Amino acid sequence: AASTIVVDYADGSILGNILRATLALGGAGGTVLAVAIAGIASVLHRAVLAPLARLDAATAAIAHGYLEERLPERGHDEMAALARSFNAMAAKIGDGIRSIERREANLQALIDGMPDGVRVIDADYTVLMANTAFAAQTGYARGEIVGGPCYLSSHGRDRPCAPTLVTCPLEEMRKGQSQVSCR
């Protein structure tokens with residue numbers, strides 16, 4: 001004898017339960033994913049982005065002449081090693097610049113000790129240095145002479161002198177002379 005089982009149920013409540021369970025699991029998974037992403041972003045910001053922002057700010061400070069700028073050297077990770085390297089580099093740059101400034105001051109004192117007017121001029125006619133005697137001869141302050149064109153402080157001109165009018169030390173040097181004295 002064969003038996004038959006008949007099950008009569010309403011599938012609407014089962015589908016609703018499945019739908020609610022699916023939404024609850026999806027919401028929980030989305031929440032876990034959002035928390036994980038926020039945690040990763042926080043760690044990434046604290047461990048990488050914030051130290052890089054401090055490095056960028058310190059680099060900009062050094063570039064603007066604030067030679068005492070340093071980074072904190074916390075920890076033993078790559079960022080701490082980078083901070084130590086940056087600080088060592090910044091210290092060497094500061095030492096080098098201070099050394100150059102001392103040498104420039106010594107050179108300035110040396111040429112200021114000469115009774116004759118002396119200027120140091122680069123190939124673009126810019127006065128790099130001038131001594132006190134030259135400033136007194138021209139009537140200009142040294143600050144007005146240094147950084148400006150040589151033809152302005154020596155001849156009051158707004159462009160280079162014609163080589164046929166005066167003996168231009170730069171033109172003589174370009175001709176191959178190793179020493180030039182102009183009066």
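Within segment 130-153, the residues that satisfy the criterion of being closer than 18 Å to Leu170 by Cα, crowded, with 16+ Cβ neighbours inside 10 Å and not hydroxyl-bearing (Ser, Thr, Tyr) are Ala130, Phe134, Ile145, Val146, Pro149, Cys150, Leu152.
Taken residue by residue, segment 152-162 has no member that is touching a residue at least 12 places away in the same chain (Cβ under 8 Å), more than 30 Å from Ala50 (Cα to Cα) and within 26 Å of the chain's Cα centre (by Cα). Residues that are of a type in the set (A, V, I, L, M) and open to solvent by 70 Å² or more (accessible area, probe 1.4 Å) were ranked within segment 101-117; the one that is nearest to Val48 (Cα to Cα) is Leu107. Restricting Arg74, Arg98, Arg183 to those that are open to solvent by 50 Å² or more (accessible area, probe 1.4 Å), over 30 Å from Leu49 (Cα atoms), part of a loop (DSSP other than H, G, I, E, B) and modelled with pLDDT under 95 reduces the list to Arg183.
Considering only residues that are closer than 24 Å to Leu110 by Cβ and part of a loop (DSSP other than H, G, I, E, B), which ones fall in segment 125-167? Tyr125, Asn131, Gly139, Tyr140, Ala141, Val146, Gly147, Gly148, listed by residue number.
The values are calculated or read from the model by the stated rules, or taken from the named source; none is laboratory data. In this text, all values refer to a predicted model and were calculated from it rather than measured experimentally. So basically every Cβ, Gly included, is an ideal-geometry build from the backbone, and we count neighbours across all protein chains shown. Just the protein is used for accessible areas: all its heavy atoms, side chains included, with ligands, DNA and RNA removed. Shrake-Rupley method; radii C 1.70, N 1.55, O 1.52, S 1.80 Å.
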